[in-house]
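Below is one structure, written out as structure tokens, with a few remarks after it.
The values are calculated or read from the model by the stated rules, or taken from the named source; none is laboratory data. The structure presented is a predicted model; accordingly, all values stated were derived computationally and were not measured. Every residue, glycine among them, receives a Cβ derived from its backbone with ideal geometry; neighbour counts consider all protein chains shown. These area figures cover heavy atoms from the full protein model, side chains too; ligands, DNA and RNA do not enter into them. Shrake-Rupley method; radii C 1.70, N 1.55, O 1.52, S 1.80 Å.
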Amino acid sequence: MKTLRDLCRDSRFSLGAVVVLILLLLALLSFFSPYDPIEWRVVQRDLPPSWKHLLGTDSKGQDVFWQMTFAVRNSLALAVFAAAISRVIAVVVGLLAGYSGGLIDRVLMFISDGFLVMPLFLIIVMLAMLVREHMNTVNLALLLGALGWAWDARLIRSQVLSLREREFTYTAILSGTPTRKLIFNEYSLFITPLVFTTLINNMAWVVGMEITLALIGLTNLNIPTLGAMLRWAVSYQAMLLGLWWWLLAPIGVSIALFVALYLVSLGTSEYLDPRARIQRVGAR
């Protein structure tokens, strides 16, 4: 509770957290939807927003609000799953490369640099095309998680390289402290802010990548996501037909999600930074 109170003192974190909570509430509402997200023509088509249909209806005969709840749920689940996979890879690679050094460091950084140099978006597109028929939420999360770790691994490695040269590391090694204990008890305090920050940033990247892949038709559009909603709206020429609510819903929620994740990332990283924590203790 004390940690939460300290975080909420940061206006950026508070604003971002409120928006994220609202989006989570939307995701939870999907479990109470009166409509099947897959079925078409369950309501009258192309109706503007009203009390009966809060965000109107689309040309497929679906309620935009309830579709949005499913889209937010699936997009958030995709982002968390993919970001968690990439964090595990980034942390393992960064720790091994930074602490071990030598041949292990060179090999792992060669692989990491390869991912950074290659046109990652084109690789994702090609792989998505190859498994297009099986491109569900889980497979997309595995694909993005397996390819979205390289830059963050280098950041973690650079942090570990700095920690390895500090006096407490030499003291711990000379005193016979096991490597595992050194990493978990000492290094984790410095690495955790970086992991959390890159986790949130990677979630935003995953959502943006899903929207991009959906717009070019490389995801399963039968699964409601923010990208799928936007793709259907563009395909049915919602702008030309004056169905502004159909476009505004996914675009507005996507922008709100990106901004909220950015604000939460700023507040969390600043709070977890050991240097900022020392300053707070000193100020008290």
Within the chain, which whole H helices from DSSP have a Cα span along their axis of at least 24 Å and a mean Kyte-Doolittle hydropathy of 1.0 or more, if any? 11-29, 64-100, 188-215, 244-272
I want to verify a result. In a Gaussian network model of the chain, Cα cutoff 10 Å, which of these has the top mean-square fluctuation: Leu15, Leu103, Leu140? Leu103
Value of relative contact order over segment 189-275, rounded to a whole percent, pairs C-alpha under 8 Å and six or more apart: 43 percent
Mean-square fluctuation maximum in Gaussian network of the chain, Cα pairs under 10 Å, restricted to Ala204, Ala79, Ala238, hits Ala238
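Go through segment 19-127 and name the chymotrypsin sites (Phe, Trp or Tyr not before Pro) that are in a DSSP coil and have 12 or fewer other Cβ atoms within 10 Å of their Cβ. Walk me through the intermediate numbers first.
On the way: sites: Phe31, Phe32, Tyr35, Trp40, Trp51, Phe65, Trp66, Phe70, Phe81, Tyr99, Phe110, Phe115, Phe121; in loops: Tyr35, Trp40, Trp51.
Those satisfying the criteria are Trp40, Trp51.
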What range in the chain is the longest one free of GluC sites (Glu not before Pro) that are in a loop by DSSP and have at most 11 other Cβ atoms within 10 angstrom? 40-164
Could you do me a favour and compute the accessible area per residue for the chain, 1.4 Å probe, result in Å²? 54 Å²
List the residues, sorted by chain then number, that are 5 or more residues from Thr57 or on another chain and whose placed amide H is less than 5 Å from its amide H. Asp46, Leu47, Val64
Using helices alone, what [θ] at 222 nm do you get for the chain, with -39,500 (n - 2.57) per DSSP H run of 4 or more residues, divided over all residues and rounded to the nearest 500? -24000 deg cm²/dmol
Which of these, Thr219, Thr57, Thr171, has the largest mean-square fluctuation under a Gaussian network model of the chain (Cα springs below 10 Å)? Thr171
Relative contact order for the chain using alpha-carbon pairs under 8 Å, separation at least 6, rounded to a whole percent? 27 percent
